[in-house]
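One structure is given here, and the rest of the page talks about it.
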Amino acid sequence: MAERDLEAAIAVTRFGLGARPGEIAMARGDPRGFLLAQIRREGADQPQPGAATAQQRIAEFRDYQKDRQAAKAAPGSEEADPVKAAQRLLRTETAVDFTTRARLGTTTTTSFRERWTLFWANHFTVSATKLQIATVVGPYEQEAIRPHVFGRFEDLLVAAETHPAMLLYLDQAQSVGPDSQLVALMKSGAGRRQGLKAPQAARLTGLNENLAREILELHTLGVDGGYSQEDVTEFARAMTGLSVGGLRDRDQLGAPIFRSIAHEPGARTVLGKRYPVGGQGQTAAILADLAAHPSTARFVCTKIARHFVADTPPASLVARLEQAWTSSGGDLARVAEALVRAPEAWSPEPAKFKTPYEFMISAWRSVGGVPRDISVLAPTLNAMGQKPFSPPSPKGWPDETAAWASPAGVVARMAWSQSFADRAIGDRDPVQLANEVLGARLTPRTATAIARAESRAEALALMLMSPEFQRR
Amino acid sequence: MTTPPSRRQILAQAAGLGLSVSLLAHQAQAAIQGRKLITVVCRGGLDGLSLTPPVGDPDYRRLRGALAISDALSLDGTFGLNPALPAIHAMIQAGQGRIVPAIATPDRARSHFEAQDVLESGAAAVYGASSGWLNRTLTALSRQGKVEALSVGPTAPLILRGPAAASSWSPGRTIEATARLPTLLQDLYQDDPVLGPALARGLATETMAMAAMSGLSDPSQNAPMGSYAGGGVQGLQRQGQEAARSLGGTLAGFMRAPGGPQIAALSLDGFDTHANQTGQLANRLAGLDSLMEGLRTGLGPDWDQTVVVVMTEFGRTARPNGTGGTDHGTASSALMLGGGLKRGGIIGDWPGLKDAALFEGRDLAPSLDMRGLLKGVLSAQLGVEARDLDTTVFPDSASVRAVPGLV
């Protein structure tokens, strides 16, 4: 019986985003079944059904850039200050995107599904560190990631890599084949006759390898997966033409488009395989082969195991996930099931240190609350080193304890826990709360400290900062 | 710059936090006395050919095309300095700085993450060490006496991660002096090998930060980080530079305070200039320049006992790419700055930019292994023994010679 209690707690706190009151009790009947029931073909929940699309957001940003030119002609007025206008835009829209996603995290009854989804969004990182991407990150997650998290990996891969957000983030949209018609036009002066203005022409002049490299290194094979610099360059050549509609493309503004005149002509050879002459089809074919590559299964399953179970995951666990991946042709629902059924994933010791986002979400869940707006999220996440939507690089947020458990990070968590506890505890009984929220994972030492606290708020702060709550 | 906070001020703050005195470092004399080392990692692959443009090299303009810099600050017949670095230029001209124009780690994968790992771990290859070379330096020095180290930023960088304890500080935060929670948590964490030490160090650093900041009279130190004060894009950039300068000044304040860190590690982001690089790079470099100016002014007389090493994980392609930027390359430049440096010319050699001289036909070739420069600094500035440098601080590096005579 005690084992079942522990498993119920593990199901909710390790696989999920932390227990809401009563949630561990709900999982107690069948902890594995509780998790398996959260896997579904339709994919993840949507924080904002019916929200603006990426295309609409990109078009909006281009309009702002146009207005900025006009504003330069009438400087001095507050309204016209282009940076203030941009900050208003980014503040409200990005703030809503992030807050609704955080609210989903705090309220969902299927938090394993949501943790699984956050893993994939991080794996295919698009970061708001680039100004023009900030308002597109939310729609990107909703459109490219969430629908595919329990589908085939290849479908998720294609959706993520060909989404305008990714094409802009990793500079693919402006990549042009050196031998393409477009470059030839530029060189011959015919481009100007075709109506391409000089600055636009100057920007679209050559090959950019950024996306190709990151697909190979971070999203599929992994840095040791067996590709060469030449593979990166050939892949980049194949992807030329993949772009995003600009102002001149009128109603295609912000939409993914294929500029065949920018595409590098010819057959391509990537990882020893020849891809015949083709347009967009070359990219699709290469992505399909990358998805099916054994290094991809190994690399990605290792990341899944690391995220859910331990900084250094047991080889047997990775092998189980790989087996599920390979035997199902990359069916992520099968991989998720294998994770839930893996004995290695149920070890009692809390081994994973929560990231700042995970920590804050689990704190709200513990009191059955929701974050009111961005102001209760962003400043704290910034202080803890996890600025909303803004991983510092395409590698995404790190997944190891050492990255987050810095002295400054721990002090920031402590300061926040204190003020959060003051506001959130109300009349609740902290001892009862700790039992409900940690279940069998609550240690005697923490329970004693909570019981001896001077105030309810102090008790809750102790629970939030306890070793077992800081981990999962 | 006002006087650094006194030991009495720091102890008063500590008492308010319920800290016992033993948590704060004692004067770290013995081994390295007042000498200081600061590492600045520019993340993203800083373009050495823009940092220290070889304007006198006959192939420079041809290779670089539109990215060639025409208004470089002059250094010598071959090299100039990016025009966004006037303060660093002044240091170099005063004999308080030297450039290293063609240096690289041993890693050739051109991957940020591998290369930063190798740069910060000090290993010969990726995954070669799970701790940072600066952390292992602390262990080597600990035989001679206690040395305090500090990383700046909310997460702990690999360069200072490892068994030797180091503190971290993130600008812009304070904790209430009368809180009980810190003491209660110290109890709760007594058996936790991660949270216990992290909390203890974090609290000790906060104490120093509060004392150091209350000792600084400049009101801009108290401006909330990240608030926008107007002035358009230029205003934002100026603000960024002001923030960098004030960060340098505050860090200097910590390092001068009794018991303060003598070794500090910072990083700067935003150097991965794949597209339209000229403006972006000028902006990031202006931030570096302001940071250095803030450090130099803030350190006052201690500047003469300080060495700063500015480095990056790799350089960039010699030729521009198709989008007004450059792609991942191999060798880049490093900078050595500090009041106690021995005067000298460039460190390492200049392989030139002829096609045959380029690495794999595309990148500046390295003339010096990064570990050789770092060994030279650690040996001359901190007195780390050669035996330690060749085996524990930089594993399997006996064949890499330390650059001699730097300080």
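Each reported figure results from applying straightforward, stated rules to the coordinates on display, with no laboratory input. Since the model is a prediction, treat every value here as computed from it, not as a measurement. As a convention, Cβ positions derive from the backbone with ideal geometry for all residues, glycine included, and neighbour counts pool all protein chains shown.
Average the reciprocal distances over every distinct pair of alpha-carbons in segment A:339-472, invert the result, and give the Kirkwood radius in Å.
In segment A:339-472 this quantity evaluates to 15.7 Å.
Could you tell me the center-to-center distance, by alpha carbons, between segment A:222-246 and segment B:314-356 in angstrom?
26 Å
How do B:191-201, A:103-113 rank on mean C-beta neighbours within 10 Å, highest first?
The densest-packed peptide leads the list: A:103-113, B:191-201.
Between A:SER455 and B:ASP191, how many nm apart are label points set 7 Å from Cα along the C-beta direction?
Calculated label separation equals 3.1 nm.
How high is the FRET efficiency from B:GLN33 to A:ARG91, r the C-beta distance, R0 60 Å, rounded to 0.05?
0.75
Over the alpha carbons of segment B:363-407, what is the largest minus smallest coordinate on each principal axis, giving the biggest first in Å?
Cα spread of segment B:363-407 along its principal axes, largest to smallest: 34, 25, 11 Å.
Counting only other chains, what is the mean number of Cβ atoms within 10 angstrom of the Cβ of each residue in peptide A:410-420?
6
Calculate, axis by axis, the spread of Cα positions in the protein assembly as shown along the three principal axes, and write the results as whole Å, longest axis first.
So the extents along the principal axes, rounded to whole Å, are 78, 65, 61.
With viscosity set to 0.692 mPa s at 37 °C, what whole-number translational diffusion coefficient in µm²/s follows for segment A:311-393 from Stokes-Einstein and a Kirkwood radius over Cα pairs?
Details: Rh = 15.6 Å.
Answer from the Stokes-Einstein relation: 210 µm²/s.
In nm, to one decimal, how far is the modelled label at B:ALA90 from the one at A:ASP155, with both set 7 Å along Cα→Cβ?
6.3 nm
How shielded is A:387-395 by partner chains, expressed as the average number of their Cβ atoms within 10 Å of its Cβ atoms?
Numbers: counts 2, 0, 0, 0, 0, 6, 7, 3, 3.
Mean number of neighbouring Cβ atoms from other chains: 2.
If you restrict to DSSP beta bridges whose two residues both lie in the protein assembly as shown, what percentage is antiparallel, to the nearest 5?
Beta bridges within the protein assembly as shown, antiparallel portion: roughly 50 percent.
Given 4 °C and 1.567 mPa s, compute D for segment B:63-117 with the Stokes-Einstein relation, Rh being the Kirkwood radius over Cα pairs; round to the nearest whole µm²/s.
95 µm²/s
Stretch A:ASP67-A:SER375 to full length: gain in nm at 0.36 nm per residue minus the Cα-Cα span?
Residue separation times 0.36 nm, minus the Cα-Cα distance, leaves 108.1 nm.
Treating only the Cα positions of segment A:228-284 as identical point scatterers, give the base-10 log of I(q)/I(0) from the Debye formula at each q in 0.15, 0.23, 0.29 Å⁻¹.
-0.46, -0.83, -1.10
Given R₀ = 30 Å, FRET efficiency for A:SER327-A:THR269 by Cβ-Cβ distance, to 0.05?
The calculated FRET efficiency here is 0.55.
I'd like the FRET efficiency for B:ASP349 and B:THR278, computed as 1/(1 + (r/R0)^6) with the beta carbon distance as r and R0 of 25 Å, rounded to 0.05.
With a Förster radius of 25 Å, E is 0.35.
Summarise the long-distance tail of P(r) for segment A:213-327 by giving the % of C-alpha pairs beyond 23 Å.
That fraction is 43 percent.
Could you compute the net charge surrounding A:LEU287? Neighbours are other residues with a C-beta less than 9 Å from the C-beta of A:LEU287; K and R count +1, D and E count -1.
Once all neighbours under 9 Å are counted, the net charge is -3.
How long is the gain from A:ARG4 to A:ARG445 if the chain were fully straight, where each residue apart is worth 0.36 nm and the alpha carbon distance is subtracted? Display every interim value, and only then the final one.
On the way: separation 441, 0.36 × 441 = 158.76 nm, distance 2.19 nm.
Value of the extension gain: 156.6 nm.
Expressed as a rounded percentage, what relative contact order does chain A have, with Cα pairs under 8 Å and six or more residues apart?
Reported relative contact order: 21 percent.
Taking segment B:319-372 as the region of interest, what is the percent of Cα-Cα pairs per 10 angstrom bin, listed from the shortest bin to the one with the maximum distance?
19, 43, 27, 11, 0
If I histogram all Cα-Cα distances within segment A:216-259 using bins 10 Å wide from 0, what percent of pairs lands in each bin?
Once binned at 10 Å, the Cα pair distances of segment A:216-259 give 26, 33, 25, 15, 1.
Within chain A, how many Lys pairs that are eight or more residues apart, or on different chains, come under 30 Å at the alpha-carbon?
Within chain A, the lysine pair count is 29.
For A:459-466, what's the mean count of beta carbons from other chains sitting within 10 Å of each residue's beta carbon?
Partner-chain Cβ atoms within 10 Å, mean over residues of A:459-466: 3.
Mind computing the radius of gyration and Dmax over the alpha-carbon atoms of chain A? Å is fine for both.
24.3, 81
For A:ASP422 and A:LEU36, calculate 0.36 nm times their separation in residues minus their Cα-Cα distance, and state this gained length in nm to one decimal. Intermediate values should be presented prior to the final figure.
Details: separation 386, 0.36 × 386 = 138.96 nm, distance 3.65 nm.
Using 0.36 nm per residue and subtracting the Cα-Cα distance, I get 135.3 nm.
Which of B:THR297, B:THR330 has the fewest other C-beta atoms within 10 Å, and how do the rest follow up to the most?
Taking fewest neighbouring Cβ atoms as first place, the list is B:THR297, B:THR330.
Let me check the size of segment A:252-310 from its C-alpha atoms; what are the radius of gyration and Dmax in Å?
My reading of the Cα-based Rg and Dmax gives 16.2, 48 Å.
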